[in-house]
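**Q** Handing you this structure, nothing more for now.
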Amino acid sequence: MCGICGKINLNSIPVDEGLIRSMAEALIHRGPDDAGIYVKANVGLGHRRLSIIDLSHSAHQPMSNEDSSIWIVYNGEIYNFQELRKDLEEHGYLFRSKSDTEVILHLYEEKGVDCVKSLRGMFAFAIWDEHKKRLFLARDRIGKKPLNYAFNNSVFIFASEIKSILQDPGFYSEINLRALDLYLTYQYIPAPETIFLGIKKLPPAPKR
């Protein structure tokens, strides 16, 4: 289990590095082994790491490709990552770590958003593509790994847990009465609703 978070200001206002650190710290229980942030201009990514597959610093996140044009924060486990890695190596991709994170990163370089079609596992991740100025969020088909998001005026923010989003003073913890009704009916809140107005759960990926 790891924790991911991030923010993008669509009005080009620089992201506050201190906020990204606070968002990541709110997820420390999900990843006590390591922490990292990436902030550049109006984009910020944060990560709390629970080290499992590659315990070295080579698997530190946020992780970038060779020219630092693509960045990823990721939570989960890709069961077929070794098979995917072998295919990517045959296509000329080089690896600095033994992690499944780097496999997703290079798979995105190879296939773009269609990379998710090749992944077997449980995951939630966010990829920032500097060339395309695109933030890509994805979640596994069962919805095993959580991912919440909110959009307020010109700000988009996301995190593994809602309390990380609420570190931003621009988002308020107003109760979503419809979601409360759903909880009392079903004993859980179906995606995309959450208990707070304006904060949504990213639904699981579509079935193939």
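The values are calculated or read from the model by the stated rules, or taken from the named source; none is laboratory data. Every value quoted in this text rests on a predicted model; they were computed, and no experiment measured them. Here the Cβ positions follow ideal geometry from the backbone for every residue, glycine too, while neighbour counts run over all protein chains shown. Heads up: the accessible areas ignore ligands, DNA and RNA and are worked out on the full protein's heavy atoms, side chains in. Shrake-Rupley method; radii C 1.70, N 1.55, O 1.52, S 1.80 Å.
**Q** Rounded to the nearest 500 deg cm²/dmol, what is the calculated helix-only ellipticity per residue at 222 nm for the chain, with -39500 (n - 2.57) per DSSP H run of length n ≥ 4?
**A** Calculated mean residue ellipticity at 222 nm is -6000 deg cm²/dmol.
**Q** In whole Hz and in residue order, list the ³J(HN,Hα) couplings for region 55-69 that follow from phi through the Karplus curve 6.51 cos²θ - 1.76 cosθ + 1.60, θ = phi - 60°; x for Gly and Pro.
**A** Per residue, the Karplus-derived 3J(HN,Hα) values read 7, 7, 5, 4, 9, 4, 10, x, 10, 10, 7, 4, 9, 6, 8 Hz.
**Q** Return the sequence-ordered ³J(HN,Hα) values of region 119-134 in whole Hz as given by the Karplus equation 6.51 cos²θ - 1.76 cosθ + 1.60 applied to θ = phi - 60°, using x for Gly and Pro.
**A** Each residue of region 119-134 in turn: 8, 10, x, 10, 7, 9, 8, 10, 10, 9, 9, 5, 5, 8, 6, 10 Hz.
**Q** Find how much the distance from Ile175 to Lys98 grows on full extension, using 0.36 nm per residue of separation minus their present alpha carbon separation; answer in nm with one decimal.
**A** Length difference between fully extended and current span is 23.4 nm.
**Q** Sticking with this one: What's the long-distance tail for region 124-164, i.e. % of Cα pairs beyond 14 Å? Kindly include the intermediate steps, with their values, before the conclusion.
**A** On the way: 448 of 820 pairs.
Within region 124-164, distances greater than 14 Å cover 55 percent of Cα pairs.
**Q** Using all alpha carbons of the chain, what is the percent of pairwise distances in each 10 Å bin, ordered from the shortest bin to the longest?
**A** 9, 35, 37, 16, 3, 0
**Q** Please work out the average accessible area per residue across the chain, using the 1.4 Å probe convention, and give it in Å².
**A** Per-residue accessible area for the chain comes out at 50 Å².
**Q** Sorted by packing (mean other beta-carbon atoms within 10 Å per residue), highest first, where do 95-102, 10-17 land? Please report the intermediate quantities before stating the final value.
**A** Details: 95-102: 20.2, 10-17: 12.8.
Most protected by this proxy first, the peptides run 95-102, 10-17.
**Q** Can you give the Kirkwood hydrodynamic radius of region 63-124 from its Cα pairs, in Å with one decimal?
**A** 11.6
**Q** Under a straight-distance cross-link criterion of Cα-Cα below 18 Å, which lysines are reachable from Lys132, leaving out those fewer than 8 residues away in the same chain?
**A** Partners found: Lys7, Lys40, Lys111.
**Q** Check each of the GluC sites (Glu not before Pro) in region 116-208 and keep only those in coil by DSSP with at most 15 other C-beta atoms within 10 angstrom; list them in order.
**A** Sites meeting the loop and neighbour criteria: Glu174.
**Q** Here is a follow-up. So how far, in whole Å, is the C-alpha centre of region 49-128 from the one of region 173-187?
**A** With region 49-128 and region 173-187 each reduced to a Cα centre, they are spaced 36 Å.
**Q** Given contacts defined as C-alpha pairs under 8 Å and at least six residues apart, what's the relative contact order of the chain, whole-number percent?
**A** 20
**Q** Additional query: Would you please give the FRET efficiency between Lys117 and Lys144, computed as 1/(1 + (r/R0)^6) with r the Cβ-Cβ distance and R0 = 22 Å, to the nearest 0.05?
**A** Using R0 = 22 Å, I get an efficiency of 0.80.
**Q** Counting Lys and Arg as +1 and Asp and Glu as -1, each charge on the Cβ, what is the dipole of the chain about the Cα centre in debye, to the nearest 20?
**A** 580
**Q** Follow-up question, since we're still on this one. Can you figure out the FRET efficiency of Lys86 with Lys133, using R₀ = 22 Å and their beta-carbon distance, to the nearest 0.05?
**A** For Lys86 and Lys133, the calculated efficiency is 0.10.
**Q** What ³J(HN,Hα) values, in whole Hz, does the Karplus curve 6.51 cos²θ - 1.76 cosθ + 1.60 give for region 191-199 when θ = phi - 60°, with x put for Gly and Pro?
**A** 5, x, 6, 9, 6, 10, 4, x, 10
**Q** May I pose another question? Have a look at His106, Val116, Ser160 and report the one farthest towards the positive end of the charge dipole of region 80-208, computed about the Cα centre with Cβ charges (Lys/Arg +1, Asp/Glu -1).
**A** It is Val116.
**Q** Also, I was wondering about something else. Using a cut-off of 22 Å between alpha-carbon atoms, which lysines can reach Lys144, once sequence neighbours fewer than 8 places away in the same chain are excluded?
**A** Lys117, Lys163, Lys200, Lys201, Lys207
**Q** Right, here's the next one. Between Asn153 and Lys40, what is the FRET efficiency for a Förster distance of 25 Å, r being their Cβ-Cβ separation, to the nearest 0.05?
**A** Computed FRET efficiency for Asn153 and Lys40: 0.70.
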